[in-house]
Structure formats: structure tokens, C-alpha cells
1. Looking at (1) surrounded by 15 or more Cβ atoms within 10 Å (Cβ to Cβ); (2) without any contact (Cβ under 8 Å) to a residue 24 or more places away in the chain, which is the one condition that is false for D143?
2. Give the number of residues within the range 41-60 that are in contact (Cβ under 8 Å) with a residue 40 or more places away in the chain and within 16 Å of the chain's Cα centre (by Cα).
3. Here are the criteria: (1) within 15 Å of the ligand (Cβ to nearest atom); (2) under 25 Å from G84 (Cβ atoms); (3) touching a residue at least 12 places away in the same chain (Cβ under 8 Å). Tell me which single one G138 does not satisfy.
4. Answer with yes or no whether I103 is modelled with pLDDT of 95 or more and aliphatic (A, V, I, L, M).
5. Return the total of residues in the range 175-226 being among the charged types (D, E, K, R) and over 19 Å from T93 (Cβ atoms).
6. Could you tell me which numbered condition C154 fails, if it satisfies all but one of (1) in contact with a Ser or Thr (Cβ under 8 Å, 6 or more places away or on another chain); (2) surrounded by fewer than 18 Cβ atoms within 10 Å (Cβ to Cβ); (3) farther than 23 Å from A63 by Cβ?
7. Working only within the range 62-88, note down all residues that are of a type in the set (D, E) and either free of Cβ contacts under 8 Å to residues at least 12 places away in the same chain or touching a Cys at 6+ places or on another chain (Cβ under 6 Å) (or both).
8. Could you run through the range 159-168 and say how many residues are outside any strand (DSSP E or B) and more than 12 Å from the ligand (Cβ to nearest atom)?
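The values are calculated or read from the model by the stated rules, or taken from the named source; none is laboratory data. Fair warning: this is a prediction, and the values are worked out from it, not measured in the lab. All Cβ positions, glycine included, derive from the backbone under ideal geometry; neighbour counts span all protein chains shown.
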Amino acid sequence: MHDSLKIVLTGAPGCGKGTQARILREKFGLCHLSTGEMLRAYAKENTPLGRALKVALDKGEFATDEMIVEMVSQRIEQKDCEKGFILDGFQRTLPQAEALEKILKEKKLNLDAAIEIQVPDEIIMERILGRYTCASCGEGYHDKNLQPKIYGVCDKCGGTEFVRRADDNRQTVKNRLINYRALTYPTIPYFEKLGLLHCVDGTGSIEATAKKIAEILDMIITAEKK
Ligand code: AMP
């Protein structure tokens, strides 16, 4: 097992970053850092910041770069990140991409790869509007593509309550896609220039996409050992 891979997973909302990050966490023993999950946890708190974040997230608006950069910078310091990490949802803007390079430099760390999962918008809308998760363990399901084996019972933990994200509605997804195209997509050439970009077709099954990503990471690990 490789002990210090550091990768960015990027791509439009609903392209499968979270799902793939959870698979990579198991396969490569990496820490999964999802800025979306961190923000949703803050947004549950009844504090001025929590309430402001909830309003922004429900509309599909981004949190500020300053807050996100500080949050990620502190999180990377924690012990569990020493084994390597997957950044899921960070960078979302060019200033965040630049800040990431600076943070890693200060901590004497190098990014190994930025993987873009490519999925067209029509597929994204269908994927996001149908997805839901087990309220107990977070296992992901989909109305059409991936239902629990027993109706209403989570395959993984037996839980019987399921939840949908508040921002997984048509209007908010439209906003999230607009923000992705305007602010996040322009960060892709940044990674390309650094020689770190790998593009993966994310329209196939979860397993097929996971296999392609694992092949890229295996290649990187082999090259680093030489
Ligand atoms: P995700 O779980 O990655 O789909 O993120 C959910 C929401 O959290 C996004 O639609 C944004 O509103 C917010 N968010 C997540 N990551 C970032 C980030 N790096 N910068 C700004 N906002 C973010």
C-alpha cells in the first residue's frame, strides 16, 4: 500500500467525485477530504456562520475562498492525512488552486495528480436528481440505477432511513453547473500546465470509472518507485 499519495478529484457536481473518493480511500488507504461534507456539517450548526452557509449551499453558491482555504489547510495538518489524501471538491476556483499549491509547498508536500472525471450535463442532472443516501452509514443509492437489494433497507448497515441533499433539486443543480463552468472548469488548465492532469470518462459504471482511476494511480506509484 502506498503511504503518501496526494490527489485532487475534480469535475462537475454529480460526476462521481464523492463515490470514487470513498472507493480510493479503501483501495489506497487515503484520507478522504470533502469540502462539501465539511461545509454541510458547519451548515447544520445554529450559529451565524452555519446559517449563512446553509443559505449559500441551498442556492448552490460557493463558500468564500478564504474560509475554504483555511479549512483545508488546517485539515491537512491532522495526523490521518499523513498517509496521503484525496481532495474532493477543493479546488473550486483558481484562487483555491493557487492556494493549494502554496499550502502544499509550505508543508513540503507535492500533489501527485489531479483527476478530472468527465460527464456531460444531461447525465449529471439525471444522476443528481435521483440520488439519495442511507441516513445511518451514508451508503449511496439512486432511484433508477442503484436501489437497495431489499426495498427500503440499506444493503450495507440495514438502516431504513434515507436522505436526499437539500441542494439536489433542479434549480440548485442548474446554479451549481453554471458555477462549475464559470469558476471551476477554468482551473483545469492550471493542473495541465503543472503536468498533473489526468482525464477520465465518468459516464460508465462506478466500477468502470474506479478501475480507470486506479490504473492511473498505480502508474504514478510505479513511476515514483523507480
Ligand atoms: P459537494 O458536496 O462537493 O457537491 O459541495 C456542496 C456545496 O458546497 C457546493 O455546491 C458549494 O456550495 C459548496 N462547496 C464545496 N466545496 C467548495 C469549495 N471548495 N469552495 C466553495 N464552495 C464549496
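1. The number of the failed condition is (1).
2. Selection size over the range 41-60: 2.
3. All conditions are met except number (3).
4. On the way: modelled with pLDDT of 95 or more: no; aliphatic (A, V, I, L, M): yes.
Taking the combined requirement at face value, the residue does not satisfy it.
5. Start the filter on the range 175-226 by keeping residues that are among the charged types (D, E, K, R), which leaves 176, 181, 192-193, 201, 207, 211-212, 215, 218, 224-226.
From what's left, over 19 Å from T93 (Cβ atoms): 201, 207, 211-212, 215, 218, 224-226.
So the count comes out to 9.
6. Evaluating C154 over (1) in contact with a Ser or Thr (Cβ under 8 Å, 6 or more places away or on another chain); (2) surrounded by fewer than 18 Cβ atoms within 10 Å (Cβ to Cβ); (3) farther than 23 Å from A63 by Cβ leaves (2) as the failure.
7. Start the filter on the range 62-88 by keeping residues that are of a type in the set (D, E), which leaves 65-66, 70, 77, 80, 82, 88.
Answer for the range 62-88, where residues must be of a type in the set (D, E) and either free of Cβ contacts under 8 Å to residues at least 12 places away in the same chain or touching a Cys at 6+ places or on another chain (Cβ under 6 Å) (or both): E66, E70, D80.
8. Total satisfying the criteria: 4.
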